[in-house]
Amino acid sequence: MQIVTRIDEVKNLVRQLRRQGKTIGLVPTMGYLHEGHLTLMRWAKAEQDVVVATIFVNPLQFGPNEDFAVYPRDLDRDSKLAAAAGVDVLFAPPVEEMYPQGYENMLAFVDVRKITERLCGASRPGHFRGVATVVTKLFNIVEPDVAYFGQKDAQQVVVIRTMVRDLNMNVRIVTVPIVREPDGLAMSSRNVYLAPAERQAALVLSRALKLAKEKLDAGERSAAALIAAMRELIDREPLATIDYISVSDAATLEELDTVRAPALVALAVKIGRTRLIDNLLWEEKQHVSHAF
Ligand code: PAF
């Protein structure tokens, strides 16, 4: 695996590989890799000749009071894990390489409207503009055939798919199912922030989704009833504070009154100071993301 930090280096490398007729898969990450990221990498490796993974903690997608400065970083550990997962090229640029003019001085952005204002967008203004902009930059730098994203960030996937569709971007998006710890907690780099009691409390997210699935399986179709049941379960956990619980159309993220597939049941909950997200996709045949 080659580790590169400069944009011209990664561009040249990928161009050479493409000239040899190789297909390129891109796995964008912010590092501190866990099994969820490694699954994306292995998935990409199974489908493409070459896998380019990126590690870049993107300041543009963090709010002023968020965790950019303390976001976990460990390039040594990440490079070993990425190499073992089959990554061929690891692109890990410093902030000055991606934003030479300073990210605060950026003048051009990619803005996806409406769907970025709901769910996480409501409490993280500007977050999805930062995501859409950096993902566009990575697409322009690497020019992948296919890019891989985790269903854990369900809204991010909808935003990126919409951006690619509306702007005719020349890349196919593949979504990979959520990877969970054995007890149900969705894998996230932010799980390292959780103290032992919080780690236990964090199970309320997957438990609430499990409850929603049971109710859907039993025929419940009222979004309000699902949300009320999930809220009640989470409110019983003293360390948990709900940011949102949403039942929406999986493509538009518009809130539903009556659940119809494909629907996204999504939630964001603060456990202590750590904000966690999780979701389940309710699909046509009523099987849900491999979660439970
Ligand atoms: O999902 C993430 O880790 C980030 O939002 C992404 C897609 C790498 C953009 O910074």
- Task: Taking the chain as the reference, fit the longest principal axis to its C-alpha atoms, fit the long axis of helix 127-142 to the helix C-alpha atoms, and give the angle between the two in degrees, 0 to 90, nearest 10.
- Result: 30
- Considering the dipole of the chain built from charges on the beta carbon (Lys and Arg +1, Asp and Glu -1) around the Cα centre, which of Ser189, Ile141, Val159 is farthest to its positive end? Ile141
- Message: Just to confirm the filter: which trypsin sites (Lys or Arg not before Pro) across the stretch 1-34 are DSSP coil and have at most 16 other Cβ within 10 angstrom of their Cβ?
- Response: Arg6, Lys22
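Report the gain in length on full extension from Met106 to Lys285: 0.36 nm times residue separation, minus Cα-Cα distance, nm rounded to one decimal.
Details: separation 179, 0.36 × 179 = 64.44 nm, distance 4.47 nm.
So the extension gain works out to 60.0 nm.
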- Helix 203-217 axis, angle to the chain major axis (alpha carbon atoms, nearest 10°): 70
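Find, among the GluC sites (Glu not before Pro) in the stretch 64-111, those assigned to loop by DSSP (not H, G, I, E, B) with at most 16 other beta-carbon atoms within 10 angstrom.
Hits after loop and neighbour filter: Glu66.
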- Item | Sparse-neighbour loop sites [trypsin sites (Lys or Arg not before Pro); the stretch 104-198; at most 16 other C-beta within 10 Å; DSSP] | Arg113, Lys114
- Message: Run the numbers for Ala251 and Lys11: contour at 0.36 nm per residue of separation, minus the present Cα-Cα distance, in nm.
- Response: 83.1 nm
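To the nearest 20 Debye, how big is the dipole of the stretch 132-249 about its Cα centre, given +1 on the beta carbon of each Lys and Arg and -1 on that of each Asp and Glu?
It comes to approximately 100 debye.
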- Modelled FRET efficiency - R0 45 Å, Asp49 with Thr258, Cβ distances, 0.05 increments: 0.50
- Task: Mind putting a number on the dipole of the chain about its Cα centre? Charges go on the C-beta only, +1 for Lys and Arg and -1 for Asp and Glu, and I need it in Debye to the nearest 20.
- Result: 320
- With a point put 7 Å past each Cα toward its Cβ, work out how far Leu211 is from Asn140 in nm, to one decimal. 4.6
- Express in nm, to one decimal, how much length is gained between Arg236 and Gln20 on full extension, taking 0.36 nm for each residue of separation and deducting their alpha carbon distance. 72.0 nm
- Can you put Arg73, Arg273 in order, fewest other beta carbons within 10 Å first? Arg273, Arg73
- Query: Angle between the Cα long axis of helix 75-84 and the longest principal axis of the chain, 0 to 90 degrees, nearest 10?
  - Reply: 90
- Net dipole in debye of the stretch 84-133 [+1 Lys, Arg Cβ; -1 Asp, Glu Cβ; about Cα centre; nearest 20]: 420
- Query: Between the stretch 154-207 and the stretch 126-143, what is the C-alpha centre distance in whole Å?
  - Reply: 18
- Using the Cβ atoms and a cut-off under 9 Å, what net charge is assigned to the surroundings of Glu255, where Lys and Arg are +1 and Asp and Glu are -1? -2
- Sort Ile178, Ile7, Ile227 so the one with the fewest other Cβ atoms within 10 Å of its own Cβ comes first. Ile7, Ile227, Ile178
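Every read-out reported here was derived from the displayed coordinates using simple, explicitly stated rules and does not represent laboratory data. These numbers were taken from a predicted model, which means no experiment stands behind them. Please note: Cβ atoms are built from the backbone with ideal geometry, for glycine as well, and neighbour counts cover all protein chains shown.
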